[in-house]
Amino acid sequence: MAKEGTDVTIVHCPEVKFKQLNILVNNASKQIVYKDLTRIDLGRVGDIFQCSIIQMIAMAKDALPYMSRGDSIINTTSVVTLQGLGMVDYAATKGANVGFTKSLAVQLIPKEIRVNAVVPGAVYTAIQLGTRQGWGLRS
């Protein structure tokens, strides 16, 4: 989803028969670990924002014409919004996800479309190995 225009391709896919979307799950994210704010590459931060929040907004915007009363948008954010883990760029995008989710939920009350966020904790993956001290080590 980091590529501009991908959201339009997916939502307006010609294979969609029913022209209706009941659930949108926004789960794209990108994480690059910088342990020192002074070393952060701002270009890469822009990439993280593009993938983690800009595409979330774009997907919701393009999906809404196909959604109606009782449908749902579910956005994935992260536990880093609740506790500092030193990943300032990633945490900033996830905080933006929370703000977007809450604001869109209010905006869509009249249409009765639900907007919620799920906030998972860390999942043992190759990406997480670089962010958690001791993960992947055997005792």
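Scanning the stretch 68-97 for residues that are surrounded by fewer than 21 Cβ atoms within 10 Å (Cβ to Cβ) and closer than 24 Å to residue 41 by Cα returns 79, 81, 83, 84, 85, 86, 87, 88, 91, 92, 95, 96. If the condition is being closer than 20 Å to residue 34 by Cβ and part of a helix (DSSP H, G or I), then the stretch 94-126 contributes 94, 95, 96, 97, 126.
Scanning the stretch 81-93 for any residue that is at pLDDT 90 or above and not in a helix (DSSP H, G or I) turns up nothing. Close contacts from the stretch 39-67, counting a first residue that is in contact (Cβ under 8 Å) with a residue 12 or more places away in the chain and among the small types (Gly, Ala, Ser) and a second that is crowded, with 19+ Cβ neighbours inside 10 Å and outside any helix (DSSP H, G or I), with Cβ to Cβ under 6 Å and a gap of 6+ residues or different chains, come to 52/29; 60/73; 63/24. Out of 72, 52, one residue alone is in contact with a Lys or Arg (Cβ under 9 Å, 6 or more places away or on another chain), polar (S, T, N, Q) and more than 30 Å from residue 38 (Cβ to Cβ). It is 72. Counting the residues of the stretch 68-80 that are assigned to a helix (DSSP H, G or I) and either out of contact with any Gly (no Cβ under 7 Å at 6 or more places or on another chain) or among the polar types (S, T, N, Q) (or both) gives 1.
The values are calculated or read from the model by the stated rules, or taken from the named source; none is laboratory data. In this text, all values refer to a predicted model and were calculated from it rather than measured experimentally. When we count neighbours, we look across all protein chains shown, and the Cβ atoms used for this are built from the backbone with ideal geometry, even at glycine.
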